[in-house]
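What follows is a short report on a single structure.
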Amino acid sequence: MSDEVHTDTDELRRLGAAFATHAYDLGRHLSDFKRRTDAEALRQSLGGSEDAERYAELSELAGSILGQLQDQLDEMGSGMRTGAIDTEATELDMAALIRGVR
């Protein structure tokens, strides 16, 4: 086993961008979901029944959970991109340090 550590910063950036893209896509679908399942839309489709109120509560809960997932995906993507930047800066600093020791 090697004691070497290598971080592929380009791959880390690509992965971060993919997470951000998925967060964006989820946000678009979530907006559509919220529009279709808001309390008024459910009352119109279900006739103002008690079921409409329960479905509205459930859809609000689902929307909240999906919104949190969207935030987490975006945060993870941002963290990966920041990690790539920090790793590259550290590698440059280490290379300069090693060159100075010679």
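Every number in this text was worked out from the coordinates using simple rules, so none of it is lab data. This one's a predicted model, so the numbers in the text were calculated from it and none came from an experiment. Cβ atoms come from the backbone with ideal geometry, glycine included; neighbour counts cover every protein chain shown.
Quick notes on this structure:
- Taking 1.567 mPa s as the viscosity and 4 °C as the temperature, the Stokes-Einstein diffusion coefficient of the range 1-44 based on its alpha-carbon Kirkwood radius rounds to 95 µm²/s.
- Highest mean first, the peptides 31-37, 10-16 sorted by other C-beta atoms within 10 Å per residue fall in the order 10-16, 31-37.
- Two numbers describe the Cα atoms of the chain: Rg and Dmax, which are 22.9, 80 Å.
- Listed peptides 66-78, 87-99 appear in the order 66-78, 87-99 once ranked by packing, highest mean of other Cβ atoms within 10 Å at the front.
- Summing Cβ point charges (Lys, Arg +1; Asp, Glu -1) relative to the Cα centre of the chain gives a dipole of roughly 280 debye.
- Once the Cα-Cα distance is subtracted from the 0.36 nm per residue extended length, the residue 94 to residue 82 segment shows a gain of 2.5 nm.
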